[in-house]
1. Any residue at all in the stretch 442-449 that's within 16 Å of the ligand (Cβ to nearest atom) and of a type outside the set (Ser, Thr, Tyr)?
2. Give me a count of the residues in the stretch 319-331 that are part of a loop (DSSP other than H, G, I, E, B), away from the ligand (no atom under 14 Å from the Cβ) and under 25 Å from Asp200 (Cα atoms).
3. Taking the stretch 394-420 on its own, how many of its residues are in contact with a Lys or Arg (Cβ under 7 Å, 6 or more places away or on another chain) and within 16 Å of Ser275 (Cα to Cα)?
4. Please indicate, with yes or no, whether at least one residue in the stretch 343-350 is within 16 Å of the ligand (Cβ to nearest atom) and either under 21 Å from Leu243 (Cα atoms) or in contact with a Lys or Arg (Cβ under 8 Å, 6 or more places away or on another chain) (or both).
5. Go through the stretch 290-338 and count every residue that is among the basic types (Lys, Arg), touching a residue at least 40 places away in the same chain (Cβ under 8 Å) and surrounded by fewer than 17 Cβ atoms within 10 Å (Cβ to Cβ).
6. Identify the residue in the stretch 191-239 that is hydrophobic (A, V, I, L, M, F, W, C) and over 22 Å from the mean Cα position of the chain (by Cα) and, among all such residues, is least open to solvent (accessible area, probe 1.4 Å).
7. Which ones in the stretch 381-402 are of a type in the set (A, V, I, L, M, F, W, C) and either surrounded by fewer than 22 Cβ atoms within 10 Å (Cβ to Cβ) or within 16 Å of the ligand (Cβ to nearest atom) (or both)?
8. Test of understanding: among Ala264, Ala289, which residue is part of a loop (DSSP other than H, G, I, E, B) and modelled with pLDDT of 95 or more?
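The values are calculated or read from the model by the stated rules, or taken from the named source; none is laboratory data. Small disclaimer: the values here were computed from a predicted structure and weren't measured. Cβ coordinates were reconstructed from backbone atoms using ideal geometry, including for glycine residues, and neighbour counts include every protein chain displayed. When the accessible area is computed, the model is the full protein with side chains, heavy atoms only, and any ligands, DNA or RNA have been set aside. Shrake-Rupley method; radii C 1.70, N 1.55, O 1.52, S 1.80 Å.
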Amino acid sequence: MKLLLVLLALAGLAGLVATRVEPFAPDAILEPSVDILGRATPLRVVARDRGSGLRRVEIRIGAPGAESVLVASEDFPRRSWWGSEVHEAVLTPTVDATAAHVPEGSATLEVWATDHSWLSAMRHHPTLSHAVTVKLTPPTLEALSNQHVIRQGGSECAVYRVGADAKESGVQVGDRLFPGVAGLFQDPMLRAALFTIPPDGNGPAPTLIAEDAAGNRRTVPLDVSTRPRKLPEKTLVLDDAFLQRKVPELLHAGGLEDTGDLVAGYLRINRELRSASEVKVREICKESAPRPLWEGPFLRLPGAAPLASFADLRSYVYRGNVIDHQMHLGFDLAALRTNPIPAGNRGRVVYAGPLGIYGNAVLLDHGLGLFSLYGHMSEIAVTLGATVDRGEIIGKTGETGLAGGDHLHFSMLLRGTYVDPVEWWDEHWIHDHVLARLAAFPAAGATGGAAGGAATAREATP
Ligand SMILES: [Zn+2]
């Protein structure tokens, strides 16, 4: 009996030791590796534990000769007898090196991971120790162009100089960044950024920003005066014939549920499919050639009367009731049925195919973040990746997508944000607001003197 009790006690002890004193220490890796820590440095730490599971993961920063300071942590409480049963955790904090009061210079980034084993208390070294440089000074940034005059919904061009340590820079307008483009000027630190402000005039003033890889950000004011715009109010009357013709087809094409209620279906198209189309347009407009591909003013559909213009505030009326409001962010141009559509300017086809409310559509990249969009086409005559010249026929007008009749929906965009095409149809405006600003600084490859402009910039870039 005594022996049995001893054996039981021993078995219990063995079980306790095996489960609570398991010897597998956690490990941690920094993925991707980080060399510079700043005011807002994103980290990704992966911690693993084979035994009882992770208990706590700490991220600490230490200056030479000083005790490290906690900057981020996560706890994994015991969930069962076995421990937390968390065998892998990914921590993605954005750490601020100033919180650790570490001066600029060399420092150590430490990860301390503990598990639920009693042996954890006996481990006195960091799980991971990684040498880093603390950098708290943001990149230098200087506005070079001034007296920008921008109409609400219009475009402008800023030229600025930025430090070599900048990872990202440009003109910030609210939550939109219009990044600057390098390579146009003799001075490799110069950047040009086309930008816009919202057509309704809401939002903060444009500023220049520059940020390094460690998240140190500098903001510099930009000399901008804005010209207000009166947004025209337009009414669009919807009839049953139009709804019957378009709603089932577009719900199907957009992968939206068709309940049979035409008005409800129309609202889903005008709201959900519209915003899904805009998300896609923004995605397509993320990458742009780093030099102007366009030359001269943009072309308008010849002989076409505008049915709608940029930033019209549309009220949608059905059986006498206003059922929806949307802003129309382009021009509706009607000429002959299936009228050939010329490319507005030289550019590269970055999209050709069905595009939500725009039906069959083509998007051209004209470089420096400038794009043109052609919607409701009955026929597309270009293929993805092709370069088209100004005036080259890219297809024919039609009424695909959310269109009540044959016309071309023409939009222009800067980095996926709609801008008023009127300015880009105007040679003088382009000269004053874009080309003259670029030409004010010696172009890359030019032999002395200011020689900017689209042609020089293009020739200079391989
Ligand atoms: Zn339109």
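1. No, the stretch 442-449 contains no residue that is within 16 Å of the ligand (Cβ to nearest atom) and of a type outside the set (Ser, Thr, Tyr).
2. 0
3. Count: 3.
4. Yes, because at least one residue in the stretch 343-350 is within 16 Å of the ligand (Cβ to nearest atom) and either under 21 Å from Leu243 (Cα atoms) or in contact with a Lys or Arg (Cβ under 8 Å, 6 or more places away or on another chain) (or both).
5. Number of matching residues: 1.
6. Among them, the one singled out is Leu238.
7. Ala381, Val382, Leu384, Ala386, Val388, Ile393, Leu402
8. None of the others qualify; the one that does is Ala289.
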